[in-house]
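> There's a structure below that I have some questions on.
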Amino acid sequence: MDTEQKDFEQEALVREAEEAALRAEDSRALYEVKLQYLGKTGKVTALMKRMKDLAQELRPAFGKQVNALREKLEGLFDGLEARVREREMAKKLASESVDVTMPGRRRERGALHPVTIVKNRLIDIFAGMGFEIFEGPEIETDYYNFTALNTPADHPARDMQDTFYVSDNLLLRTQTSAGQIRLMERKKPPIKMLSPGRVFRSDDDATHSPMFHQMEGLVVDRGITLCDLQGMLDEFVKAMFSETSKTRLRPSYFPFTEPSVEVDVSCHVCGGKGCPLCKGTGWIEVLGAGVVNRRVLQNCGVDPDVYSGFAFGMGIERIAMLKYGINNIKLLTENDVRFLAQFKD
Ligand code: PHE
């Protein structure tokens, strides 16, 4: 092997290594190339092993030369490695970059149903006056829904409500008033009960639905009068509708109250002047109420000569419709999200 040929061979090796290294697309590939030349079984190492075939006096020069070659290649790879790593880092940063000016992904939030909102509000208002919640069953016996409420089988008032019967004796309750009896059988006065729940009547138009919700109230104690009822209702409408709301009682009839009243609230939209909501009258009917009929107290073992009470019952859908200006009760059962989303607070 003469020196010139060796030089030539080594230059070719450097060029070859350089070309292969430049083709490497990432640091992993570049490392593979580096191993091919500088690794334990690499080409430079193989070259070094050829030293033993040389004459003794040629060895030092040869060794020096191969070492120089090794250093050259190491320098080459170091430089290229740095470049590849830089390129990779730039690529990674570009792919992971976050545009902080982009709007965030909005997560849709649910909302309470307007009937639930009004029910919760009613509970809030009356709980603040000391009422406790009692919930009766939705399937009732004829006795609790009618007979005990002074509405015996042949009573014409049964026609006031079109009842869904489950059997001769069982029915879907038509009114939460059934809860009055269940509670009074269980608890001695003083009583301050609030009873929310679903009720059912075969009735169906823009303001009536076969299933709707009622909120019943019952107060029984010594010396309770109609005045207590109106005073409490005045507080209730102020809290529910507006600070300036007032109530008006009109005579009515319910078998389980005597006297019975329909309660109107002054229109919260026009303040009583007359508008489409109150049909020009300035008043809106909101609930039925009255002084608990003596017979009802007797039916529950409460002495009507000692105790008296008042009761009221309102439709929760009706209150929601008045409060939010909803003109069709069906909107409350269709559950169209475009409608429901409007009640987010
Ligand atoms: N239960 C009656 C109804 O559903 C409302 C009411 C309740 C009336 C309590 C008076 C007393 O129409």
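> Can you name the number of the only condition in (1) touching a Lys or Arg at 6+ places or on another chain (Cβ under 9 Å); (2) at pLDDT 90 or above that A127 fails?
(1) is the only condition that A127 fails.
> Among all residue pairs at least 6 apart or on different chains, which show Cβ distances below 7 Å where the first residue, located in the stretch 212-230, is in the same structural domain as S266 (by TED's automatic domain parsing) and the second is part of a strand (DSSP E or B) and among the basic types (K, R)?
H213/R198; V219/K192
> Further question on the same structure: Got a sec? Which of M89, M48, M102 is outside the structural domain of Q214 (by TED's automatic domain parsing), surrounded by 13 or more Cβ atoms within 10 Å (Cβ to Cβ) and more than 30 Å from R173 (Cβ to Cβ)?
Values: M89 fails: surrounded by 13 or more Cβ atoms within 10 Å (Cβ to Cβ); M102 fails: surrounded by 13 or more Cβ atoms within 10 Å (Cβ to Cβ).
Every option except M48 fails the conditions.
> Go through (1) more than 19 Å from V118 (Cα to Cα); (2) modelled with pLDDT of 95 or more; (3) within 14 Å of the ligand (Cβ to nearest atom) and name the single condition L170 misses.
L170 satisfies every listed condition except (3).
> Oh, and also: Those residues that are among the hydrophobic types (A, V, I, L, M, F, W, C) and touching a helix residue (DSSP H, G or I) at 6+ places or on another chain (Cβ under 8 Å), I need them from the stretch 212-237; list them, please.
Listed by number, the residues that qualify are F212, M215, L218, V219, V220, F236.
> A further question follows. Mind counting the residues in the stretch 188-215 that are touching a strand residue (DSSP E or B) at 6+ places or on another chain (Cβ under 8 Å) and not aliphatic (A, V, I, L, M)?
The qualifying residues number 13.
> Now for a different question. Of all residues in the stretch 223-257, how many are of a type in the set (G, A, S), within 19 Å of V291 (Cα to Cα) and surrounded by 15 or more Cβ atoms within 10 Å (Cβ to Cβ)?
1
> For residues in the stretch 189-208 being in contact (Cβ under 8 Å) with a residue 12 or more places away in the chain and part of a loop (DSSP other than H, G, I, E, B), which is nearest to the ligand (Cβ to nearest atom)?
Selected residue: R201.
> With the condition kept exactly as written, say whether any residue in the stretch 200-218 is surrounded by 21 or more Cβ atoms within 10 Å (Cβ to Cβ) and more than 32 Å from the chain's Cα centre (by Cα).
yes
> If I filter the stretch 258-267 for residues that are in contact with a helix residue (DSSP H, G or I) (Cβ under 9 Å, 6 or more places away or on another chain), assigned to a strand (DSSP E or B) and more than 16 Å from the ligand (Cβ to nearest atom), do I get at least one hit?
Yes: one or more hits.
> Only one residue in R121, R109 is under 30 Å from R338 (Cβ atoms), loosely packed, with under 10 Cβ neighbours inside 10 Å and touching a residue at least 40 places away in the same chain (Cβ under 8 Å), so which one is that?
Being under 30 Å from R338 (Cβ atoms), loosely packed, with under 10 Cβ neighbours inside 10 Å and touching a residue at least 40 places away in the same chain (Cβ under 8 Å) holds for just one of R121, R109, which is R109.
> Would you mention how many residues in the stretch 232-257 are more than 10 Å from the ligand (Cβ to nearest atom) and within 30 Å of F146 (Cβ to Cβ)? Lay out the reasoning, then the answer.
Pass one, the stretch 232-257, residues more than 10 Å from the ligand (Cβ to nearest atom): 232-251.
Filter once more, keeping what is within 30 Å of F146 (Cβ to Cβ): 232-233, 236-237, 240, 247-251.
Selection size over the stretch 232-257: 10.
> Take T176 and tell me if it is within 14 Å of the ligand (Cβ to nearest atom) and either surrounded by 16 or more Cβ atoms within 10 Å (Cβ to Cβ) or over 26 Å from P114 (Cα atoms) (or both). Reasoning before the result, please.
On the way: within 14 Å of the ligand (Cβ to nearest atom): yes; either surrounded by 16 or more Cβ atoms within 10 Å (Cβ to Cβ) or over 26 Å from P114 (Cα atoms) (or both): yes.
Here the answer is yes, as T176 does meet what is asked.
> I want to confirm something. Restricting to the stretch 286-332 and keeping residues that are free of Cβ contacts under 8 Å to residues at least 24 places away in the same chain and outside any helix (DSSP H, G or I), which single residue is nearest to the ligand (Cβ to nearest atom)?
Narrowing the stretch 286-332 to residues free of Cβ contacts under 8 Å to residues at least 24 places away in the same chain: 298, 303-305, 331.
In the following step, the residues that additionally are outside any helix (DSSP H, G or I) were identified as 303-305.
Working: D303: 20, P304: 16, D305: 21 Å.
The qualifying residue nearest to the ligand (Cβ to nearest atom) is P304.
> Quick check: is even one residue across the stretch 152-164 touching a residue at least 40 places away in the same chain (Cβ under 8 Å), buried (at least 21 other Cβ atoms within 10 Å of the Cβ) and either at negative phi or small (G, A, S) (or both)?
no
The values are calculated or read from the model by the stated rules, or taken from the named source; none is laboratory data. As the structure is a computational prediction, the values presented were derived from the model and not from experiment. Please note: Cβ atoms are built from the backbone with ideal geometry, for glycine as well, and neighbour counts cover all protein chains shown.
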